[in-house]
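Rule-based calculations on the coordinates, nothing more; no lab input. These numbers come from a predicted model, not from an experiment. Methodologically, a virtual Cβ is constructed for each residue, glycine included, from the backbone with ideal geometry; neighbour enumeration extends over all protein chains shown.
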Amino acid sequence: MSERSDVIPVPEGEYFDANHSPALSLMLGVVGLISLGLCVVGAFVNREQFSFSWLFSFTFFFTLIAGSFFWIIVHHVSDAEWSVVVRRQLENLALLMPVMLVFFLPILIFRRQLYAWMTIAPGLDHLLDAKRAYLNWHFFLGRSVFYFAFFIGAALLLRHFSIRQDRDGNPAYTLKMRKIAFISLPLFGLSLTFGAYDWLLGLDFKWFSTMWGVYIFAGAAGSSMSLLVLVITALRKAGYLKNIITTEHYHIMGKWMLSFTVFWAYIGFSQYMLIWYANIPEETEWFIRRNTESWNTMTIFLVVGRFFVPFALLLLRAPKKSARKLCLIAGWIIFMQLVDIYIVVLPMLYPAGLHITIWDFLPLIGMGATLAFFYLRIVRKTSLFPNRDPRLLESLHTTN
């Protein structure tokens, strides 16, 4: 690599112009404030509806940001070269986790509307009594604190060393980030899995699945890679990263989207098949609820839209090498992740069938606009790619 760097110049850092999109930033801030303000009204008008709609929106965005963090640690653990040029945007997305911590507070406040096990006194349900050692308020709160402490702490630490390497090019930072990533990988698996159990599976404390954490992870990884495609393309449309991100990088990101499309379907089908075949009432209730009336239609739409459609398109080479086509597929996968989380959360409130209200949209708009607002604040603070990473030249000349 040292010989190549003598003849091939390493590009200088590229920075997002703070004055590039002031109108967009202002609009996002205003939309976020108005939408979140209306959500406060919803909390007083219909506490139960607000609680479930807020949890749905929170989980959707949490999976996108947690998935972005996953790709950072995979990059360092595997010592990947291709992902060097896109890593900074993953770091920027992962740095939104403190905002998600703020968005998590209403879930704690309205926990009794969401989690029936918090309102049932000891001795009234023998199944719940057997799970009290895990399902109790103080342990629930402690676990949630740990999840966010890990995600925020690790994301900040990895970004800190990444930025320091931009300044002096010291390759020792690469080794430090790799060590942090090795420690973070099992902690990520534990945090995402138990977070999925606590916040989503806890909606129905009688149901359980040993594959639940992997199912949520599969959706998070695939949708976050899709989000990265959209973010990178938006920056390129704005005039940045023109000579940094190539068709080869899009091709690799498309391959990862395909991989996790298949993985999501495999885990989802395996979970469904094993539980349905065993036909144990406590296990099948979750699927029966989602096979009822209009929820059944939504479930079929999810299976077709989340697997068969992107699978058929991403099998082809051409869409993976076209930024425009890959963005369309990426947007569709993110939309289907939204549908997936909706089917996970809302049937607990409306078991008889689909019931869409305005309160389902306001938290989505409020959180989305707020996260985008803070992203525009974060992206301008550093180079758009790690300009002194030892593997930068290899990343720039990646081929498939």
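Paramagnetic label reach from Thr357 (point 7 Å along Cα→Cβ; backbone nitrogen cut-off under 17 Å): within segment 102-144, residues 107, 110-115. In this rough spin-label picture, where each label sits 7 Å from Cα along the Cβ direction, the Ala278-Leu187 distance is 3.2 nm. Note on the chain: dipole from Cβ charges, positive end direction compared against Leu203, Met225, Val303; the farthest Cα belongs to Met225.
Principal-axis analysis of the Cα atoms of the chain puts helix 47-77 at an angle of about 40° to the longest axis.
Please find the FRET efficiency linking Ser270 to Val102, where r is the Cβ-Cβ separation and R0 is fixed at 51 Å, and quote it to the nearest 0.05. Given R0 = 51 Å and the Cβ-Cβ separation, E is 0.90.
The label-point distance for Ile109 and Ala149, in a model that sets each label 7 Å from Cα toward Cβ, rounds to 2.4 nm. Approximating the spin labels as points 7 Å out from Cα along Cα→Cβ, the Lys131-to-Ala318 distance works out to 5.0 nm. Is the shape of segment 279-356 rounded, prolate or oblate, going by the alpha carbon gyration tensor and its root eigenvalues a ≥ b ≥ c, with a/c under 1.5 for rounded and a/b larger than b/c for prolate? Verdict is prolate for segment 279-356.
Working from Cα pairs under 8 Å separated by at least six residues, relative contact order for the chain is 36 percent. Against the main long axis of the alpha-carbon atoms of the chain, helix 212-237 sits at an angle near 40°.
Gain on full extension, evaluated as 0.36 nm per residue between Ala121 and Phe287 minus their Cα-Cα distance, stands at 57.1 nm.
Per-peptide packing, taken as the mean over residues of other Cβ atoms within 10 Å, places 62-72, 367-377 in the sequence 62-72, 367-377 from highest down. If we count every other residue with Cβ under 9 angstrom of Glu285's Cβ, Lys/Arg +1 and Asp/Glu -1, where does the sum land? In short, -1. Taking the longest Cα principal axis of the chain as reference, the axis of helix 293-303 is set at about 20 degrees. With Cα atoms defining each centre, segment 258-328 and segment 167-230 are spaced 20 Å apart in the structure. At q = 0.17, 0.22, 0.32 Å⁻¹, work out log10 I(q)/I(0) for segment 34-78 with the Debye formula, treating every Cα as an identical point scatterer and leaving solvent out; two decimals please. Results for segment 34-78 at q = 0.17, 0.22, 0.32 Å⁻¹ read -0.58, -0.74, -1.02. Using the Cβ-Cβ distance between Val77 and Arg377 with R0 set to 25 Å, the FRET efficiency works out to roughly 0.30.
Taking Cα centre as origin and charging only the Cβ of basic (Lys, Arg, +1) and acidic (Asp, Glu, -1) residues, the dipole magnitude of the chain rounds to 620 debye. A protection proxy built from the mean count of other Cβ atoms within 10 Å ranks the segments 390-398, 50-58, most packed first, as 50-58, 390-398. Structure remark: mean-square fluctuation, Gaussian network model of the chain, C-alpha springs under 10 Å; the largest value among His20, His160, His249 belongs to His20. Give the shape of segment 27-133 as rounded, prolate or oblate, defined through the alpha-carbon gyration tensor: a ≥ b ≥ c are the square roots of its eigenvalues, a/c under 1.5 means rounded, and otherwise the shape is prolate if a/b is larger than b/c and oblate if not. In terms of gyration-tensor shape, oblate. Quick one: plug the Kirkwood hydrodynamic radius of the chain (C-alpha pairs) into Stokes-Einstein at 37 °C, 0.692 mPa s, and report D in µm²/s. Here the translational diffusion coefficient equals 148 µm²/s.
Please name whichever of Trp256, Gln271, Pro319 sits farthest to the positive end of the charge dipole of segment 256-400, dipole taken about the Cα centre and charges placed at Cβ: Lys and Arg +1, Asp and Glu -1. Positive-end residue among those listed: Pro319. Tell me whether segment 140-276 comes out rounded, prolate or oblate; compute the Cα gyration tensor, take square roots of the eigenvalues as a ≥ b ≥ c, and use a/c under 1.5 as the rounded threshold. Taking the square roots of the gyration eigenvalues as a ≥ b ≥ c, segment 140-276 is oblate.
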